[in-house]
Structure formats: C-alpha cells, structure tokens
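Shown next, in structure tokens, is the structure this report addresses.
Bear in mind that the values in this text are calculations on the coordinates, not laboratory data. None of these values were measured; they are calculated from a predicted model. Reconstructed Cβ throughout: ideal geometry from the backbone, glycine too, with neighbour counts over all protein chains shown.
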Amino acid sequence: MSQYKATALARANIALSKYWGKSDVALNLPAVPSISITLEPMRTETTVEFDAGLTQDEVELNGKPAEGKARTRAIKVLDQVRAIARLDLKARVVSSNNFPTASGLASSASGFAALVGASWSATGMERDNERWSAMSRQASASAARSIYGGFVELPRGIPGDASNAAKQIAKPDHWDVRVVVAVANEGAKDVGSTEGMTLSEQTSPYYRSWVDCSDALAAEVREGILTRNLTKVGEAMEQSTLAMHACMMASRPGLIYFQPATLAALATVKRLRKEGIEVYATMDAGPHVKALCNSADAGRVATALADTQMVLRTLTAQPGPDLEIRK
Ligand code: DP6
C-alpha cells in the first residue's frame, strides 16, 4: 500500500436555516449563518493517492474523468493541501456518491468535504476538523458543514477572516428526526448556487431583508434543535426557505427553482400537518422538497410524498456521523 493514500467518507447535509449570499467572494464567506443536519446514508467516498509516477492530477467523479469547473475546483483543493504539507506530488482522486447525483441532494457538500479529508490525510498530516471545515468552506460553503455529523452551524463570515468554519451543535443521536426527500425531476439545475447567489445580491430588492432576517431565524432553529422542538425548528426552517426563495425569485432575471412537483409536494406537507402529523418542508436551489419529521412519522410522510402527483420517488435520511477516514 502506498504511503500517501487515504479514503474519506463524508455525508451530504441539508440546511434547516439557509445559506444564500457571500460576505467575501474571494474567500467564499457566507453572508448569513446556516444550520444543517448531516444525512445518513447519503455518502461520498473519495480516495486520494499522491504518486511520484504521475505527471498531472487525475480526478475521477462517479466513474468519469472530471472536466471543466469540477476539475479546476478539485485541483485547487489539492494545491492548498500540497502547499500546507510541502508535498510536491501529483494525485489520483477517485470519488463516487452512493446517492444519485440528480436526487436533489447537493453532492458538492459531501464531495468537497471528502476531498479535503482524504487529501489531507493522504499526506500523513493529523486530522484537524476546524481547518478541514474552513478549507471545505472555501471550496463550497455548504461543504464546511459536512465535516461534522449531527446538527451543524456555519456562522456568518466576517470579510477577510479565512478561518470561518462550521461547528457541531448537537451529536447525531441528540434527536431522532428524519428527512424525507421528494425527488421532483432528474437532470442538472439551470443556475448553480454560486452564480445564483451573486445574481441575487446584485439584483434582488429583497437581498438585504433576507440577510437581515437570517440571524433571528438561525437562532430559532438552533434553539429548537437544542430543545428538540420540532414545531420551532420546522416553522423557522420553512420561513428561512421561503424568505430565501423570495429573494431568489425577485432577482433579475428571476431565479425560479420551483416546479409543479414542488408545489404539489408542499401541498402534501401542509395536508399531513392538518391531519396531525408534524412535518415541515425545505427546498434548496432546485425543485426537490425535503420534509423534516419525527422518525415515527417518516414512513407515512414518505408514502404520502411518493403518492404525490409528479413526485418521482423519495429517499429517507437520518442524522449521520462525522466525516470518516480510512487509511
Ligand atoms: C441553497 O454551498 O453550493 O443549498 O459556496 O457558492 O459553493 P457555494 O454554494 P453552495 O450553496 C448552497 C445553497 C443552498 C442552501 C444551503 O445549503 O445552506
């Protein structure tokens, strides 16, 4: 076995209190705090091997050579790790997701977290969650949250402060909740998050209001998690989601990520609530609806969402562990 080789296993995450907007584009710092739940079993597994026999970096994502932006972003992470470790070797990166890339769960979060953990560990350096989170955040801010398991907060970034990193606020076994993902369609999204949030900041009249309301919503979500209060988390999560989408929609041109299946799934969530099931919805930069509920209700929520018109299928996740390393 090679000396410079390691494998990382990172989970996807879903924000309960949303990140949208940057306070420092160069350092990729978030303009708002965000709080997420790490999702098991939605995993990215990444192996990195630094090899003296390579003349250039080789990056494979889901069985295919990475191209364009994905390759450039991955090599940027490798370069950062090589600089810190003072290692002058090219790397072979093999990464795959065990959840469908078009499932509506961001693969960039678990992808960059796994790449940071694997490449760092492959150099022989000791684990450092805080630095891993800051480095992942630089690649994609939601990735900072996938370093940790359970319930995780990424604070608002202070411009110029490259140390901005996520922290775990509660362990996975703190609260037995489930996230049921209602997959609305297959295929890549039109406008990616990075591009979308820049557009919102530059053109949406609601951008300021969104940033202004984010602290109070994150505080409610945090408090709700710590006291295991699903009503509190759910109501704040839905408002955070819809405030973010209102800001997106009012951009020029408007960013409308909703599709008919999105509204149908939202109606199902509302109906279930009327029927006495505590369930709340969130959406990201795509049409899929993710429903948060107690574990005892997950089966009924999944069935109702799967039976919803235009919803293709559902996936159910529970709070997952910290990023894992295998040498
Ligand atoms: C809507 O982390 O993908 O999913 O930092 O530009 O890579 P970059 O953005 P990214 O944005 C995620 C936005 C979101 C909400 C969230 O996950 O908090």
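Couple of notes before you dig in:
- Look at the Cα gyration tensor of the stretch 218-327: its axes a ≥ b ≥ c give a/c under 1.5, and that counts as rounded.
- Summarising the overall dimensions of the stretch 180-219 from its C-alpha atoms, the Rg and Dmax are 13.9, 34 angstrom.
- Across Lys69/Lys171; Lys90/Lys171; Lys64/Lys167; Lys69/Lys290, pairs whose alpha-carbon gap is larger than 31 Å: Lys69/Lys171; Lys90/Lys171; Lys64/Lys167
- Using the Cα coordinates of the stretch 95-212, the gyration tensor eigenvalues translate into equivalent-ellipsoid semi-axes of 24, 21, 17 Å, sorted from longest to shortest.
- Stokes-Einstein D for the stretch 191-249, Kirkwood Rh over Cα pairs, 4 °C, 1.567 mPa s (µm²/s): 107
- Restricting the stretch 255-327 to GluC sites (Glu not before Pro) in coil, as DSSP defines it, with at most 10 other Cβ within 10 Å: Glu275
- The dipole here belongs to the chain: it is taken about the Cα centre, uses +1 on the Cβ of Lys and Arg and -1 on the Cβ of Asp and Glu, and is about 140 debye.
- Rounded to 5, the percent of DSSP beta bridges in the chain classed as antiparallel: 95
- Per residue convex hull volume, Cα atoms of the chain, in Å³: 124
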